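The values are calculated or read from the model by the stated rules, or taken from the named source; none is laboratory data. All figures in this text were calculated on a predicted structure; none of them were measured in a lab. Reconstructed Cβ throughout: ideal geometry from the backbone, glycine too, with neighbour counts over all protein chains shown. Heads up: the accessible areas ignore ligands, DNA and RNA and are worked out on the full protein's heavy atoms, side chains in. Shrake-Rupley method; radii C 1.70, N 1.55, O 1.52, S 1.80 Å.
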Amino acid sequence: DQVADMLEEQGYRNVLVNIGGEIVARGTRPDERPWRLAIEKPVEGKREIQSVVPLKDRAMATSGDYRNFYELEGKRFSHTIDPGTGKPVTHSLHSVSVLAENCMRADAWATALLVVGPERAWTLAREHQLEVMLIYSDAETLLTRQSADFPIQPMGLE
């Protein structure tokens, strides 16, 4: 947010700032279309696109358990800690993307929703009218759930 604000103060109206997966999009691409951002499919060791999101004058943050984790005695532990237990989260929610007016809000919600798991995350997102995409697993299958206003763009479309 602060980098995007500083760039705007310098006269730049069309910028995309990405710091560690937290993204602020202001204005448009040089072709005057919205910025296009990929949400990764949460699979270990691969870089695949799950969805593409057009973004203009918004922020997006994604929190997940599929890049930063460790394994101990064959069990996988997320880097995200549940403050209620003091232990890594262990549920089936693997990725949460949130759109908001600023990145601070998007990142805070993405992390909080990742902590609480898929059902509670969906309930909180609806209660707080958040624009979200949840990616979770059911057995070996990845499933998605997104709010009606979360703007998914078909892949390959410009």
Quick one: which residues, 5 or more positions from Arg58 or on another chain, have an amide H under 5 Å from its amide H? H modelled 1.01 Å from N in the peptide plane, none for Pro or chain starts.
Ala25
Using R₀ = 25 Å, calculate the FRET efficiency as 1/(1 + (r/R₀)^6) where r is the Cβ-Cβ separation of Thr111 and Lys75; round to 0.05.
0.65
Skip the ligands, DNA and RNA, and give the accessible area per residue of the chain with a 1.4 Å probe, whole Å².
59
With the dipole of the chain worked out from charges on the C-beta (+1 for Lys and Arg, -1 for Asp and Glu) around the Cα centre, which of Gly117, Ile19, Ala4 lies farthest toward the positive end?
Gly117
In whole angstrom, how far apart do the alpha carbon centroids of region 76-145 and region 1-64 sit?
19
Calculate the spin-label point distance for Ser137 paired with Glu8, positioning each point 7 Å from the Cα along the beta-carbon direction, and give it in nanometres.
4.0
For region 9-134, which whole-number percentage of the solvent-accessible area (1.4 Å probe, protein heavy atoms only) is attributable to carbon and sulfur atoms?
48
Less than 24 Å apart at the alpha-carbon level, and either on another chain or at least 8 residues along: which lysines does that give for Lys87?
Lys75
Aspartates and glutamates whose Cα lies under 14 Å from that of Lys46, excluding same-chain neighbours fewer than 8 positions away
Asp65
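Over the chain, calculate the relative contact order: mean separation of alpha carbon pairs under 8 Å at least 6 apart, over the residue count, as a percent. Mind showing how you got there, number by number?
Details: 297 pairs, mean separation 28.9, N = 158.
18 percent.
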Please give me, ordered by residue number, the trypsin sites (Lys or Arg not before Pro) of region 2-73 that lie in loop per DSSP and have at most 16 other Cβ atoms within 10 Å.
Arg13, Lys46, Arg47, Lys56, Arg67
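Multiplying the sequence separation of Ala38 and Glu101 by 0.36 nm and subtracting their Cα-Cα distance, what value in nm do you get?
Once the chain is fully extended between Ala38 and Glu101, it gains 20.8 nm.
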Quick one: how many Å² of Tyr12 are accessible to a 1.4 Å probe, rounded to 10?
130
Checking understanding here: applying a Kyte-Doolittle mean of at least -0.5 and a length along the axis of at least 18 Å (C-alpha), which whole DSSP H helices in the chain pass?
103-116
Need the full-extension length gain, Arg47 to Glu119, defined as separation in residues times 0.36 nm minus the C-alpha distance. One decimal, nm.
23.3 nm
Any chance you could run the full-extension gain for Thr85 through Asn18? It's 0.36 nm times the residue separation minus the Cα-Cα distance, nm to one decimal.
21.0 nm
Dividing the helical contributions, -39500 (n - 2.57) per DSSP H run of n ≥ 4, by the residues of the chain yields a 222 nm value, nearest 500 deg cm²/dmol, of -6000 deg cm²/dmol
